[in-house]
Amino acid sequence: MAHPAQLGFQDAASPVMEELLHFHDHALMIVFLISTLVLYIIIAMVSTKLTNKYILDSQEIEIVWTILPAVILVLIALPSLRILYLMDEINDPHLTIKAMGHQWYWSYEYTDYENLGFDSYMVPTQDLTPGQFRLLETDHRMVVPMESPVRVLVSAEDVLHSWAVPSLGMKMDAVPGRLNQTAFMISRPGVYYGQCSEICGANHSFMPIVVEAVPLEHFENWSLLTLEDA
């Protein structure tokens, strides 16, 4: 969950988000080093009147400042490509959930069960209970088992939406007539909040996403109770 005046990302709750945080820190250190070097060169150029003909016209310097940026780009590109392929990996998911975007709410269908599905609406401000977050809480949470690969099929019925949960490193567009898929595995139990990340209309900011990760035994009990209520 994000906090007021927070500068960094939310705490990672999945292996993919942990990799994204490591890559962010790696790229940021490279940016800091380049910025420091450029700032030093600017200050040196402004603060001194000395000139050196070997610096003004030097074949060796030309070679260095051509090869060095290429090496830096490779150091950024290789980890980035690795994470992109990791995010596309879907190996033997234990559970498949279909998330359908509507104007303006989400509906979830657990495709491994016969009649397990529900709509998820935002809880109005006047109906919130103590401890619930305004504009983020829903009447029905997407409950998943922790430490289990979960595949999410994402689509929309009307306009473009986007299913996104920052702490899980998830963001997948919901396109009408198209079925996109993504996968995640949550490392620890908890409640993780997200929002539609596509400007989908007047109530775009009122269709939150709440994922609740519980131990497998609790998930089985929840699914049985939900099926009985249905």
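Numbers below:
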quantity: Test: residue in the stretch 117-127 that is acidic (D, E), in the same structural domain as A202 (by the TED database) and under 30 Å from E198 (Cα atoms); calculated: yes
quantity: Tally of residues being exposed (fewer than 13 other Cβ atoms within 10 Å of the Cβ) and either in contact with a helix residue (DSSP H, G or I) (Cβ under 9 Å, 6 or more places away or on another chain) or not acidic (D, E) (or both) across the stretch 3-52; calculated: 30
quantity: Qualifying residue in the stretch 104-126 (condition: at positive phi, open to solvent by 40 Å² or more (accessible area, probe 1.4 Å) and not basic (K, R)); calculated: no
quantity: The stretch 1-22 residues that are under 20 Å from V144 (Cβ atoms), paired with ones that are among the polar types (S, T, N, Q) and part of a helix (DSSP H, G or I) (beta carbon under 9 Å, 6 or more apart); calculated: M1/S167; Q10/S167; D11/S167; A12/S167; A13/S167; S14/S167; M17/S167
quantity: Selection from the stretch 172-208 of residues that are in contact with a Lys or Arg (Cβ under 9 Å, 6 or more places away or on another chain) and among the aliphatic types (A, V, I, L, M); calculated: L179, A183, V191
quantity: Restricting the stretch 90-147 to residues that are of a type in the set (S, T, Y) and free of Cβ contacts under 8 Å to residues at least 12 places away in the same chain, the residue that is nearest to E220 (Cα to Cα); calculated: T129
quantity: Selected residue (criterion: modelled with the lowest pLDDT) from residues of the stretch 78-103 that are within 19 Å of L160 (Cα to Cα) and open to solvent by 40 Å² or more (accessible area, probe 1.4 Å); calculated: Q103
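The values are calculated or read from the model by the stated rules, or taken from the named source; none is laboratory data. Since we're looking at a predicted model, the values are computed, not measured. When we count neighbours, we look across all protein chains shown, and the Cβ atoms used for this are built from the backbone with ideal geometry, even at glycine. SASA here: full protein model, heavy atoms, side chains in, ligands and nucleic acids out. Shrake-Rupley method; radii C 1.70, N 1.55, O 1.52, S 1.80 Å.
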